[in-house]
1. Of these, 183, 225, which one is surrounded by 17 or more Cβ atoms within 10 Å (Cβ to Cβ), touching a Phe, Trp or Tyr at 6+ places or on another chain (Cβ under 7 Å) and charged (D, E, K, R)?
2. Just to be sure I understand, how many residues within segment 241-263 are among the charged types (D, E, K, R) and surrounded by fewer than 10 Cβ atoms within 10 Å (Cβ to Cβ)?
3. Look at residue 83 and say whether it is in a helix (DSSP H, G or I) and either modelled with pLDDT under 70 or surrounded by 13 or more Cβ atoms within 10 Å (Cβ to Cβ) (or both).
4. Would you check if residue 146 is closer than 20 Å to residue 230 by Cβ and either in contact with a Phe, Trp or Tyr (Cβ under 9 Å, 6 or more places away or on another chain) or crowded, with 18+ Cβ neighbours inside 10 Å (or both)?
Amino acid sequence: MTALIGEVTRRLPDRWLAATLGPGVLWLAVAVLAVRLGQADALSVDAVTRTARQIGDLVGDRPAQAVVYGLLALAAAVVVSSAARLLGAGIRTMWLGRWRGPAAWPARLLSEWRARRARTRLKRAGTRLPESYLPHCPTWIGDRLRLADVRVTAQYGLSLALVWPRLWQLVDADTRTLVQQARDRFDLAGTLAGWAAWYCVLVVFWWPGAVIAAVLVSVAWWRGRIAAAVFGDAVEATVDLKHRALTEALGHRLEPGTPLPPATADAINDQLHKGATPQPLRDGPAA
């Protein structure tokens, strides 16, 4: 246990520097340059050189003051990084199609438009898909992750929301790592989009901030789509390979080589739902 604690302690600063302090310090450095350069000298190399020389003079002539400024900069970097993570969480919610409040109406219109486009493409191709497989979310990422649940239900009759926490207890370490890495990449893509919002703030002082923000948003969206697709595939693959083990672990017997019977799937859903599945009234409501 002592060795494990020592290893975690040794690795923690590296992860913190890479994920929190590094991006925050980088943004602060760009922000300082943005304010010093301004819109007129946005790409002036001489202004950057003068700023670097002034910082060097401060460190050499007034080291105590430089240390104070450095500590304040580190604190500001942590605050900015935390805010970027919060923004990233909100952006991930939008990517997942969970639009609430005033955004619910445009979300419904966008979802209907995406569904119509899908029907048109299928009609032109001469193919059909079940209605549940068509877009129901305003975003591609939201639909891709929703399809994981829809496909599991269509294939096995199981509720993914119910079986997944139990399947997670049965999978091996390699499978857990694969799924967790895909989820972590999706979270990091959202955080990258949060940093794009912070670089947008710099546009007030420095127009190249818009270019940086546009690049970060594009990369974040591209990485988010890839991570969502990999995560959805990993979840579906885990269910495909482990649903029989879960069925037997829950006390239901399966004949080798036979698919999961619908009655067994319904029994598993009810068992995991702890019997809370609504049932129709047989004798009418009580007086």
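1. The unique qualifying residue is 225.
2. Qualifying residue count, segment 241-263: 2.
3. Criteria met by residue 83.
4. Yes.
The values are calculated or read from the model by the stated rules, or taken from the named source; none is laboratory data. Since we're looking at a predicted model, the values are computed, not measured. Heads up, the Cβs are rebuilt from the backbone with ideal geometry, glycines too, and the neighbour counts pull from every protein chain shown.
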